[in-house]
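For reference, the structure is listed below as structure tokens.
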Amino acid sequence: MSIPKFKRILIAVDEETFSQTIIDYSKALDLNSESSIALLIVVPPIPPDQLGFDPVLGQQSVVVPELVDVEQKFANEFINKFKKQFPEVGDITTYTKIGTPAQEIINLSQAWNADLIVMGTHGRTGFDHFISGSVSESVTRKASCPILIIPTKVD
């Protein structure tokens, strides 16, 4: 069996400093002018209590829609700096989504027809893993293409 060359690579980064490591591993792939990259950053939804929602009173005291705009602007600036690191790639598209990270990664990988997903894992264990779950674990269960997962503890 021959392994096909990856041509459509979805790279999911987050706002952590670890994102550069994910990019570095992605650059180690055999990329060229025939390659296409989708750079994705997912901004989790803003919790209702940060928007002034009082669960006891069941009403919103202050709504700050500008917060979403600020988050999205920051995410766009963050992801665009990585775009410049792939001069050899023929087609690079950036995506900034607001939603659940695992679901947005899966949705884009299917809609964009990715043949590889590159992402990191924060390596949470115990109670943290139980509460927050694992984005990489969820993507692994639902993805229809191979996944390269970069652990945070890479030397």
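The values are calculated or read from the model by the stated rules, or taken from the named source; none is laboratory data. This structure is a prediction, so every number in the text was calculated from the model and none was measured. Quick reminder, even Gly has a Cβ in these numbers, built from the backbone with ideal geometry, and neighbours come from all protein chains shown.
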Looking only at region 94-118, filter to residues that are at pLDDT 95 or above and assigned to a strand (DSSP E or B); which one of those is surrounded by the fewest Cβ atoms within 10 Å (Cβ to Cβ)?
Leu116
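Any residue at all in region 10-22 that is of a type in the set (Ser, Thr, Tyr), modelled with pLDDT of 90 or more and in a helix (DSSP H, G or I)? So that I can check it myself, show each step before the final result.
So in region 10-22, the residues of a type in the set (Ser, Thr, Tyr) come out as 17, 19, 21.
Imposing the further condition that a residue be modelled with pLDDT of 90 or more reduces the set to 19, 21.
Remaining after also requiring in a helix (DSSP H, G or I): 19, 21.
For region 10-22, residues of a type in the set (Ser, Thr, Tyr), modelled with pLDDT of 90 or more and in a helix (DSSP H, G or I): present.
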Tell me, yes or no, whether region 59-69 has at least one residue that is modelled with pLDDT under 90, among the small types (Gly, Ala, Ser), exposed (fewer than 15 other Cβ atoms within 10 Å of the Cβ) and on the phi < 0 side of the Ramachandran plot.
yes
